[in-house]
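One structure is given below, encoded as structure tokens.
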Amino acid sequence: MTREEALEHFKKEYCDKYFLDMDKKIAAFIKENEEKLLLEFMGNFRNLCLKVKEMQDKGLTPKIAYITYSFGIDNINGESQEYEVQAYGKEWFFEDSEECKIPYDVRWLYSFMEETYKELSDISKKYIGQITKGDLAAVRKVGVLRCDISLVKFAKIAIEKAVGIDEFKLIEKEEVFEIRIGEYKGFNEIIYKEDIRKKDSKEIVAWLEGKNGTYSYEILRELDLSGGDYEKLTMHHADLSKCDLSNANFEDASLIGTKFIAAKIDNTNFKNAVLAESNFNSTAIKNSNFQGSSLRASDLSNTKIDGCNLQNVNFSKSKLSNCIIKNANLENVKFVFTCLENSDLSGQDLRNSRFSIANLKGANLSDTDLRGVEFAKVDLTQTNLDNAKFGQNKIIELKILAKDAAKLNVTEEQKKELIIVN
């Protein structure tokens with residue numbers, strides 16, 4: 001085996017798998033310890049804000065335009081397990097004011113990387129000198145970068161809570177303010193943005209219709225964007241809360257992570273749009289087309305959806321608790337790991353849809369057409385199924401009341417998959 005072959009084998013057979021396993025361990029740790037980690041993050045953010053306010057009061061630092069969470073060469077070389085959290089004015093790296101920064105301890109995160117790196121370092125010895133120190137340094141950098149990706153996911157959640165503290169509200173900020181995370185003086189990603197500049201609706205419509213590249217974290221609240229042609233627009237993590245989007249065309253648009261809270265959505269076209277991780281919480285949606293769109297991991301809690309085409313929509317991992325859907329087409333919809341607790345889908349056409357590991361506690365599916373629907377690892381014992389139509393259903397580990405099980409037209413083989421409760 002040549003050195004090139006050895007390196008390729010090492011990366012493919014070990015590095016990729018071990019780092020994937022590391023990512024899963026980090027995600028599980030964050031989920032299990034989320035409250036503690038959030039408190040630590042917010043405490044660190046509070047300390048930065050206090051330092052900023054103190055320096056501003058002394059005239060040592062200007063209005064803040066950026067706060068960055070950065071890793072650098074020390075992290076890659078294994079000499080640091082801290083991110084540098086620094087506040088800047090609008091000149092960013094080029095300003096002359098006194099540095100305003102504090103460390104953010106990420107040992108809880110890097111412990112997973114160090115363990116993985118050690119395991120890979122030990123495995124590399126099997127290649128009898130063909131994996132060099134330089135190769136292992138590159139492996140460590142991959143680990144740091146993957147840790148950064150995990151931290152970004154966590155920080156996006158944490159920062160939404162952190163910016164609500166009084167200490168943050170007291171610091172002086174520029175009209176456009178961003179919080180970023182990533183490599184020091186390298187690639188970094190926005191995780192929070194404020195923009196209080198006054199905007200003209202007509203100018204914004206023309207700007208968006210121009211589709212000049214990708215827009216990220218644009219703050220476009222309370223604007224009249226109705227009737228605009230935004231087909232194939234790419235705009236991620238934008239805030240369109242309280243905007244008038246009636247009669248607008250977003251067909252084939254990519255709107256990942258966008259907020260539509262309390263927006264006017266009437267006769268709006270979202271056909272085949274990518275709306276993953278979007279937020280429609282408590283929004284009324286009328287007469288709109290979502291056919292073929294992806295709403296994975298989105299929040300539609302407390303929404304009222306009336307007269308909409310939801311055919312072939314993907315609601316996997318989304319929240320639809322207390323959601324009311326009326327006069328809609330719900331054929332061939334994916335409800336995989338979806339929360340439908342206390343939702344009202346009564347009277348709807350749900351043919352050929354899929355409920356897999358979905359939460360249907362308190363949901364109303366009365367008078368629905370459930371023919372051809374797949375039920376996999378679902379509990380329907382607290383679901384209203386009055387007058388629901390069943391037929392040709394695919395069933396895997398379905399828990400159901402005896403009175404409702406009688407409505408099912410199942411084979412002897414399928415009966416084995418039923419958990420019937422009296």
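Please treat every number below as a calculation from the coordinates, not as lab data. Remember, it's a predicted structure, so these values are computed and weren't measured experimentally. Cβ: placed from backbone, ideal geometry, glycine included. Neighbour counts: every protein chain shown.
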Once Lys and Arg are counted +1 and Asp and Glu -1 for all other residues with Cβ under 10 Å from that of Ser288, the total becomes 0
Amide H contacts under 5 Å for Ser80, restricted to residues at least 5 apart in sequence or on another chain and with H modeled in the peptide plane, are Asn75
DSSP-loop chymotrypsin sites (Phe, Trp or Tyr not before Pro) across segment 159-247, with at most 14 other Cβ within 10 angstrom: Phe187
Classified through the alpha carbon gyration tensor (a ≥ b ≥ c as square roots of its eigenvalues; rounded if a/c is under 1.5, else prolate when a/b is larger than b/c, else oblate), segment 285-327 comes out oblate
Modelled label reach - Ala27, point 7 Å along Cα→Cβ, segment 214-258 residues with backbone N closer than 18 Å: 257
Hey, can you list the DSSP H helices of the chain whose Cα span along the axis is 18 Å or longer and whose average Kyte-Doolittle score is at least -1.0? 16-32, 34-57, 107-124, 133-162
Compute the distance from the alpha-carbon center of segment 316-343 to that of segment 268-310, in whole Å. 10 Å
Greater than 26 Å separation of Cα atoms is the criterion. Which listed pairs, Lys12/Lys133; Lys173/Lys211; Lys242/Lys326, meet it? Lys173/Lys211
Distance between Cα centroids, segment 212-238 to segment 347-366: provide it in whole Å. 32 Å
For Lys153, which lysines qualify as cross-link partners when the Cα separation must be under 20 Å and same-chain residues fewer than eight apart are set aside? Lys24, Lys25, Lys31, Lys36, Lys141, Lys161, Lys193, Lys259, Lys317, Lys319
Zone of Lys242's modelled label, taken as backbone nitrogen in segment 177-197 under 17 Å from a point 7 Å along Cα→Cβ: 194-197
Counting other C-beta atoms within 10 Å, and keeping those with at most 11, which DSSP coil trypsin sites (Lys or Arg not before Pro) do you find in segment 366-413? none
Hey, can you rank 61-73, 140-152 by average C-beta count inside 10 Å, highest first? 61-73, 140-152
Could you derive backbone 3J(HN,Hα) for segment 213-227 from the dihedral phi with the Karplus parameters 6.51, -1.76 and 1.60 (θ = phi - 60°), listing whole Hz in sequence and x where the residue is Gly or Pro? x, 9, 9, 9, 6, 6, 9, 10, 5, 6, 10, 8, 10, 5, x
DSSP beta bridges in segment 3-192 [antiparallel fraction, %, rounded to 5]: 70 percent
Per 20 Å bin, what percent of the C-alpha pairs of the chain does each bin hold, from zero upward? 22, 43, 31, 3
Amide H of Lys326 versus every other amide H placed in the peptide plane: which residues, excluding those fewer than 5 positions away on the same chain, fall under 5 Å? Ile305, Asp306, Gly307
Determine the percent antiparallel among the DSSP beta bridges restricted to the chain, to the nearest 5. 25 percent
Need one number: nm distance between label points at Leu38 and Asp57, each 7 Å from Cα along Cα→Cβ, rounded to one decimal. 3.0 nm
Would you please give the residues with an amide H less than 5 Å from that of Asp266, counting only those at least 5 places away or on a separate chain, with H modeled from the backbone geometry? Leu245, Ser246, Asn247, Lys286
Inter-label distance, nm, simple model (7 Å from Cα along the C-beta direction), Ile123/Ile73: 3.0 nm
Below 8 Å, C-alpha to C-alpha, sequence gap of six or more: please give me the relative contact order for the chain in percent. 7 percent
Gained length - Asn212 relative to Val421, 0.36 nm times residue gap less alpha-carbon distance: 69.5 nm
Taking segment 70-130, which GluC sites (Glu not before Pro) meet the DSSP loop condition and have no more than 16 other C-beta atoms within 10 Å? Glu79, Glu91, Glu95, Glu98, Glu99
